[in-house]
1. For region 131-183, just the Cα atoms, rotate onto the principal axes and tell me the three extents in Å, largest first.
2. For region 65-76, just list the computed ³J(HN,Hα) in residue order, Karplus coefficients 6.51, -1.76 and 1.60, θ = phi - 60°, integers in Hz, with x standing in for Gly and Pro.
3. Using only the Cα atoms of region 61-140, what are the Rg and Dmax in Å?
4. Using a Förster distance of 22 Å, how high is the FRET efficiency between Lys69 and Trp103, based on the Cβ-Cβ distance and rounded to 0.05?
5. What share of Cα pairs, in percent, lie more than 14 angstrom apart in region 111-151?
6. Per residue, how much accessible area does the chain have with a 1.4 Å probe, in Å²?
7. According to a simple spin-label model (label point 7 Å from Cα along Cα-to-Cβ), what is the distance in nm between Asn111 and Arg168?
8. For region 21-96, list log₁₀ I(q)/I(0) at each q in 0.11 Å⁻¹, using the Debye formula over Cα point scatterers of equal strength and ignoring solvent, two decimals each.
Amino acid sequence: MVGNLKLNTMGRELKRVPLNFEWEIDKIWSGYINPHKVHECKECGGNGHSKEYEKLNDEWYSFENAEYKPNPYRKDSRYNSIAWNNNLTKEDVSALVKEGRLWDFTRVPLNDEQKEIVKKKIADGGNSWLPFDNGYIPTPQEVNEWNIKGMGHDSINSWICIKARLKREGKTHLCSKCKGSGENWQHPKAKSNYKNWKSYEPPTGEGFQLWTTTNEGSPMTPVFESLEKLCEHCEKEKVSVFGYKTATKEEWMKMLDDDFCLLLL
């Protein structure tokens, strides 16, 4: 067997390393960790957002100052009556329609002609959405009721509404200090060191070792002189295939030998 075999679906990887290779089990390999740290912007905490953006983002759900009322559309449920996402304006709705985000209003058939288009689309194996906007612009009240009734808005809608409002107010969503990068390097060389660093693999050799790729990459077993002994160890120690799933020696052999990957779910 030449090289390293990745079992990507399970987050496991067979590595060929020297028989005397020593690296702590479950410890991430140093070659996968950039030793040069990012210098985060202190103004925005590294998220790249302006204070104006953060304020509107908090208002979208308004968890801290919530005022809950019984939900008139969902039994034994309630909604935050002051949250921005339940109180969109005409301008907010226009921004969402422009970005194609309100299909429950704009991609449903409104007349016989549009209904026939959808009917034919379904007959051809398609879905029930119109392939184009129906021309309807929902009112803020309709959209707010729609949000309270069901799942409603997601983070994309929030992002669209916030950016649109900031633009109307002549403001920006980008941090004034880092201009959205989230970084504030103390010296150009520090940035160069971080950006130019390249990861590197453990040394190769005749040994067999199982690694996990669910983190940056770390060994799960000691190094063995043969694949068979590695698989015996994996069975005996009940090494995880995926989550709590383990495997027999024979199953491990099938998964790791001759580039053959067997799913055990």
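The values are calculated or read from the model by the stated rules, or taken from the named source; none is laboratory data. Note that the structure is a prediction, hence the values are computed from the model and not measured. Note that each Cβ is placed from the backbone with ideal geometry, even for glycine, and that neighbours are counted across all protein chains shown. What goes into the accessible areas is simple: the full protein's heavy atoms, side chains included, and nothing from ligands, DNA or RNA. Shrake-Rupley method; radii C 1.70, N 1.55, O 1.52, S 1.80 Å.
1. 41, 25, 23
2. With coefficients 6.51, -1.76 and 1.60, one gets 10, 5, 10, 8, 10, x, 7, x, 10, 9, 4, 6 Hz.
3. Considering region 61-140 through its Cα atoms, Rg and Dmax are 16.9, 50 Å.
4. Details: r = 28 Å, r/R0 = 1.26.
In this case the efficiency is close to 0.20.
5. On the way: 491 of 820 pairs.
Cα-Cα pairs in region 111-151 separated by more than 14 Å: 60 percent.
6. Details: 16750 Å² over 265 residues.
Using a 1.4 Å probe on heavy atoms only, each residue of the chain averages 63 Å².
7. For the pair Arg168/Asn111, the computed spacing is 3.0 nm.
8. The computed values of log10 I(q)/I(0) come out as -0.59.
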